[in-house]
Structure formats: C-alpha cells, structure tokens
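Comments concern the structure below.
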Amino acid sequence: MRRLRPETRWAYVFVLPWLAGLLVFQLGPMVASLVLSLTDYDLIDSPRFAGLDNYTRMAEDPKVARAIGNTVLYTALHVPLAIVIALALALILNRVTGRAAGVFRTVFYLPSMTPYVAVGVLFLFLLNGQAGMVNQFLALFGVSGPQWTTDPDWMLAGIVVMSLWNLGTTTIILFAALRNVPRELSEAAMIDGAGAWQRFRAVTVPMISSALFFVVIINTITSLQMFDQVYTMYFSSQTAQQASGDAALFYVVYLFQQAFQFLHMGYASALAWVLFVVIALITLVQVKVGGRLVYYEAEEHA
C-alpha cells in the first residue's frame, strides 16, 4: 500500500466497505447455502451430510415440476407483454413535449414505487370475481369476467395482469433509448418514402435494440424470481393457500415454503442453487443469441 499513490490508496479505502458487504452478505451466504444444499438441516439439529440427496429429491418431487411449469409459463407470458406495453408507453412519452413531459414521466413511473405487498393486496380487490373493478369494467362491454383469484384456470392470467402494473422502470429505460435515436435517420427515411411502421421497424427498433435486449434479460430474471405479490395474494394465510392449491405455486414460493414453513433448509438451498444455475444459463443463451441481433452504434463507428 505504501508504494501506491495517495489517490489509489484512498480508492481502496472507499471500496473496502462495499467489499466487506459483498463478502459478508452475498458471497459468504452463497457459499454457506451451497454447503447446506449437501446436508439435511432443519435449523434445530446440526446439519447432517446428505450428499446429492436433495438434488435427486427434486427430480422426484411433483410440486417442483408444477412450480417450474407455472414459473416458466408466467415468464413466457409476462416478458413479451411487458416489453410491448412498456414500449408503447415509451413511444407515447416520446411524443409529449413541454412541461407536461415531466408530469407524464412521473405518473408512468409511480407504480414502480408501490411496495409489492401493497400491490398484491390491491389486486386481490381489483380481481375479485364478484365486486372487483376489472370485472365491473368488462361488464360494461357485456363480458362476464372470470373468477381471477379462485378459478385455477385463471389464477395465472390474473397474476400476469397484476405484474403489468409495475412497468415504470422498463418504460423509462426504453424512453431514454428512444430519446437517443437520431432524428435525421427518421427524417431521411421519411424523405425516401418510408411510412410510420417502416420507420419504426427499420430505424427505431434497431437503434434501441440494445435497450430492448437489456430489458428482456432483466424482465426474464425478475419473472423467474416472482414471489412477493403471489405470496401475498395466495399464500399469506392458510385459507388462501388451501383455496389456491398449486395453481399459483411459483418456484420461489415453494423454495420459501420449504425453508421457512417446513424448515427443510438443505432442500431449500438446493432449490435456490438450481434456480441460480438455470437463470445463469438462460442469461448466457440470451447474451449469445441477442449479441447477434443487437446493433451497437459505437461498434459501427469503430
């Protein structure tokens, strides 16, 4: 350290608290959970080494298969819908000018500030089959709304609808990308006779492809870890859990149950590490595939 310049020494000093937090609160627990995944541990007795029994148990657990199916289906529905709706909102924001622009940006982002538990409670009322505002709105058009919160065939659809409430971050990211699209490119395409859809497809989408790629990855990771709202709606009480059955059982919810309801810490740790590996592999595939489709202006100039 004495050989380093004062600026470098101070840089290490300021980074040290973050490194300590990383080791104590992230890397340390990750290593501990990896060790626990190889044990039979109930928080009461000492851990007992079990080898790969927890991982083989997962392959035979029908609830794991159901939780994976619900989570994958939710992700497949939520991510495309979230991207499309957020992009539509961003395009609207991009057309708003003047003092109203800041107001609309704030309004569009405010739902992201709502606590997830509050969102879950809110949508229990909104999606109520008898008196919920969603079904009342559908009734104005002569549509009889389903039992979103009690019908197993509609629970997942209701969760997808609820998750679309929180699109503020994705919308703002795409809006920032749209603001950076050079106007001269769109104007040149217009002069060449390109219509609005052609300009959007051939100019706007390629120029914001890096932002689209980013939000796809982030929304995929978030969807695979869906927990707060679902647990609040369907698993916060014994009655709600019995009513929902396995129709709303998501992977992280089942992981939480194994850890803190049944005290199967070793099994829950194995579930967590499988989720970590799956998310890492999915992200790696997205990066490999998406890297060929994303346009980076800096690389073009280089």
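Checking every residue in the range 62-84 against the condition of being surrounded by fewer than 19 Cβ atoms within 10 Å (Cβ to Cβ) and over 21 Å from the mean Cα position of the chain (by Cα) gives at least one match. In the range 265-288, the qualifying residues are those that are within 15 Å of the chain's Cα centre (by Cα) and under 30 Å from residue 49 (Cβ atoms), and the one that is surrounded by the most Cβ atoms within 10 Å (Cβ to Cβ) is 275. All told, residue 158 meets the bar of being assigned to a helix (DSSP H, G or I), under 20 Å from residue 230 (Cα atoms) and touching a helix residue (DSSP H, G or I) at 6+ places or on another chain (Cβ under 8 Å).
The residues in the range 87-103 that are more than 19 Å from the chain's Cα centre (by Cα), hydrophobic (A, V, I, L, M, F, W, C) and either surrounded by 16 or more Cβ atoms within 10 Å (Cβ to Cβ) or not in a helix (DSSP H, G or I) (or both) can be counted, and the count is 2. For the range 180-217, the candidate set comprises residues that are polar (S, T, N, Q) and in a helix (DSSP H, G or I); within that set, the residue that is surrounded by the fewest Cβ atoms within 10 Å (Cβ to Cβ) is 198. For residue 226, are the conditions met, namely being buried (at least 16 other Cβ atoms within 10 Å of the Cβ), within 15 Å of the chain's Cα centre (by Cα) and of a type in the set (A, V, I, L, M, F, W, C)? So residue 226 fits the description; yes. Annotation for the range 18-40: at least one member residue is over 24 Å from residue 156 (Cα atoms) and in a loop (DSSP other than H, G, I, E, B). Taking the range 136-179 as the range and being exposed (fewer than 14 other Cβ atoms within 10 Å of the Cβ) and over 25 Å from the mean Cα position of the chain (by Cα) as the test, the residues that pass are 136, 137, 139, 140, 141, 142, 143, 144.
Matching residues to (1) of a type in the set (Phe, Trp, Tyr); (2) modelled with pLDDT under 95; (3) part of a loop (DSSP other than H, G, I, E, B); (4) touching a strand residue (DSSP E or B) at 6+ places or on another chain (Cβ under 6 Å):
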position: 51; (1), (2), (3), (4): no, yes, yes, no
position: 59; (1), (2), (3), (4): no, yes, no, no
position: 72; (1), (2), (3), (4): no, no, no, no
position: 75; (1), (2), (3), (4): no, no, no, no
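Looking only at the range 1-42, residues that are among the acidic types (Asp, Glu) and either free of Cβ contacts under 8 Å to residues at least 24 places away in the same chain or exposed (fewer than 13 other Cβ atoms within 10 Å of the Cβ) (or both) come to 1 in all.
The values are calculated or read from the model by the stated rules, or taken from the named source; none is laboratory data. Nothing here was measured: the structure is a model prediction, and the numbers come from that model. All Cβ positions, glycine included, derive from the backbone under ideal geometry; neighbour counts span all protein chains shown.
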